[in-house]
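Peer 1: Sharing a structure here in structure tokens format.
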Amino acid sequence: MINVKLTIQYDGTDYCGWQKQKNGRSIQEEIEKAIYRVTGERVDLIGSSRTDGGVHALGQVANFKTESTIPPDRFKYALNSFLPQDISIISSELVPDSFHSRFDAKGKMYRYTIYNRDIRNPIYNRYAYHVPRKLDLIAMEKGAECFLGSHDFKAFMASGSNAKSTVRTITSISLDKSEDLIFLTIEGNGFLYNMVRIIAGTLIEVGFGRIKWQSIPHIIESGDRTSAGHTAPPQGLCLEKVYY
């Protein structure tokens, strides 16, 4: 038996998320079905991140164990022939038997995209959050800096999480603007449930002037979810990379 690591890209719009659920199609389920069609085996595909419904990925990582004789680097071709057009395996490789895509991850990088113009653009409907009001990017950048470092991010976690600890470390955070698009890129050793989307929503509130950027350290310290901003919608979020 061998352990195969997959790097996956997907448009999450039409899925209930990564994890298998009874209420809809999931990315995990679609890939497991493709593995079954290729190998005849029912496998447990382990993902590095349980992305929510509507969230996308350019660098999701997963692994599974198989007795198949297919060379590991050929799995990407075999699986892609059975996957829908909105899911793609971009690499497949042999990894040690002990490799676990979730528990071995050292960090992740996410990007949140905002389309900041008065009129919506249909091209970006699936991949960006349309914010029609002008945003104060300078204030948002100052607010973003407040998230750097190790903090208890309880105020930026949605209910329903079973995390044992709410302390996380953000190693890098930046805001970049290209015409009408604003990109929030954030890297850290791990993220709580909806944490990136709540940070994005909070920074948007800062851009509106509803939350002062100077108050972000106090919001973090308070641990009070109601004092942070709204949860930005899922379509703007993309898992860019997982670090090992």
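The values are calculated or read from the model by the stated rules, or taken from the named source; none is laboratory data. Just so you know, these numbers come straight off a predicted model, no measurement behind them. Note that each Cβ is placed from the backbone with ideal geometry, even for glycine, and that neighbours are counted across all protein chains shown. Ligands, DNA and RNA are excluded from the accessible area calculation, which covers all protein heavy atoms including side chains. Shrake-Rupley method; radii C 1.70, N 1.55, O 1.52, S 1.80 Å.
Peer 1: How many of the residues making up segment 123-153 are within 30 Å of residue 14 (Cβ to Cβ) and either basic (Lys, Arg) or open to solvent by 40 Å² or more (accessible area, probe 1.4 Å) (or both)?
Peer 2: Qualifying residue count, segment 123-153: 9.
Peer 1: Would it be correct to say that residue 189 is in contact (Cβ under 8 Å) with a residue 60 or more places away in the chain, at positive phi and not hydroxyl-bearing (Ser, Thr, Tyr)?
Peer 2: On the way: in contact (Cβ under 8 Å) with a residue 60 or more places away in the chain: yes; at positive phi: no; not hydroxyl-bearing (Ser, Thr, Tyr): yes.
No; evaluated as a whole, the condition is false for this residue.
Peer 1: Go through segment 154-172 and give me each residue that's open to solvent by 50 Å² or more (accessible area, probe 1.4 Å), among the hydroxyl-bearing types (Ser, Thr, Tyr) and not in a strand (DSSP E or B).
Peer 2: Those that are open to solvent by 50 Å² or more (accessible area, probe 1.4 Å), among the hydroxyl-bearing types (Ser, Thr, Tyr) and not in a strand (DSSP E or B): 159, 165.
Peer 1: Out of 49, 88, 92, report the one residue that is surrounded by 15 or more Cβ atoms within 10 Å (Cβ to Cβ) and touching an Asp or Glu at 6+ places or on another chain (Cβ under 9 Å). Full working, then the answer.
Peer 2: Values: 49 fails: touching an Asp or Glu at 6+ places or on another chain (Cβ under 9 Å); 88 fails: touching an Asp or Glu at 6+ places or on another chain (Cβ under 9 Å).
The match here is 92.
Peer 1: Just to verify a result, which residue in segment 193-244, among those that are touching a Ser or Thr at 6+ places or on another chain (Cβ under 8 Å) and among the basic types (Lys, Arg), is nearest to residue 101 (Cα to Cα)?
Peer 2: The selected residue is 197.
Peer 1: Among 239, 175, which is the only one that is closer than 18 Å to residue 111 by Cα, open to solvent by less than 10 Å² (accessible area, probe 1.4 Å) and part of a strand (DSSP E or B)?
Peer 2: On the way: 175 fails: open to solvent by less than 10 Å² (accessible area, probe 1.4 Å).
One residue alone meets the criteria, 239.
Peer 1: Of the residues 218, 230, which single one is in a loop (DSSP other than H, G, I, E, B), at pLDDT 95 or above, more than 28 Å from residue 87 (Cα to Cα) and not aliphatic (A, V, I, L, M)?
Peer 2: 230
Peer 1: Quick check on segment 14-30. Is at least one of its residues over 21 Å from the mean Cα position of the chain (by Cα) and without any contact (Cβ under 8 Å) to a residue 24 or more places away in the chain?
Peer 2: At the first step, the residues of segment 14-30 found to be over 21 Å from the mean Cα position of the chain (by Cα) are 22.
Within this subset, residues satisfying the condition of being without any contact (Cβ under 8 Å) to a residue 24 or more places away in the chain are 22.
There is at least one residue in segment 14-30 that is over 21 Å from the mean Cα position of the chain (by Cα) and without any contact (Cβ under 8 Å) to a residue 24 or more places away in the chain.
Peer 1: Mind checking whether some residue in segment 21-34 is among the acidic types (Asp, Glu) and assigned to a strand (DSSP E or B)? Don't jump to the end; show me each part of the working.
Peer 2: Taking segment 21-34 and keeping what is among the acidic types (Asp, Glu), we get 29-30, 32.
Remaining after also requiring assigned to a strand (DSSP E or B): none.
No: segment 21-34 contains no residue that is among the acidic types (Asp, Glu) and assigned to a strand (DSSP E or B).
Peer 1: Please verify whether segment 135-148 includes one or more residues that are within 24 Å of residue 244 (Cβ to Cβ) and modelled with pLDDT of 95 or more. Steps first, answer last, please.
Peer 2: Step one: list which residues in segment 135-148 are within 24 Å of residue 244 (Cβ to Cβ), which gives 147-148.
Among the residues that remain, those that are also modelled with pLDDT of 95 or more are: 147-148.
For segment 135-148, residues within 24 Å of residue 244 (Cβ to Cβ) and modelled with pLDDT of 95 or more: present.
Peer 1: Please work out if residue 189 is open to solvent by 50 Å² or more (accessible area, probe 1.4 Å) and in contact with a Gly (Cβ under 8 Å, 6 or more places away or on another chain). First the steps, then the outcome.
Peer 2: Details: open to solvent by 50 Å² or more (accessible area, probe 1.4 Å): yes; in contact with a Gly (Cβ under 8 Å, 6 or more places away or on another chain): yes.
Considered against the rule, which asks whether it is open to solvent by 50 Å² or more (accessible area, probe 1.4 Å) and in contact with a Gly (Cβ under 8 Å, 6 or more places away or on another chain), residue 189 comes out as yes.
Peer 1: In segment 103-118, is there at least one residue being of a type in the set (D, E, K, R), closer than 29 Å to residue 47 by Cα and open to solvent by less than 80 Å² (accessible area, probe 1.4 Å)?
Peer 2: Scanning segment 103-118, I find at least one residue that is of a type in the set (D, E, K, R), closer than 29 Å to residue 47 by Cα and open to solvent by less than 80 Å² (accessible area, probe 1.4 Å), so the answer is yes.
Peer 1: Which residues, taken from segment 69-101, are within 23 Å of the chain's Cα centre (by Cα) and part of a helix (DSSP H, G or I)?
Peer 2: Within segment 69-101, 76, 79, 80 meet the criteria.
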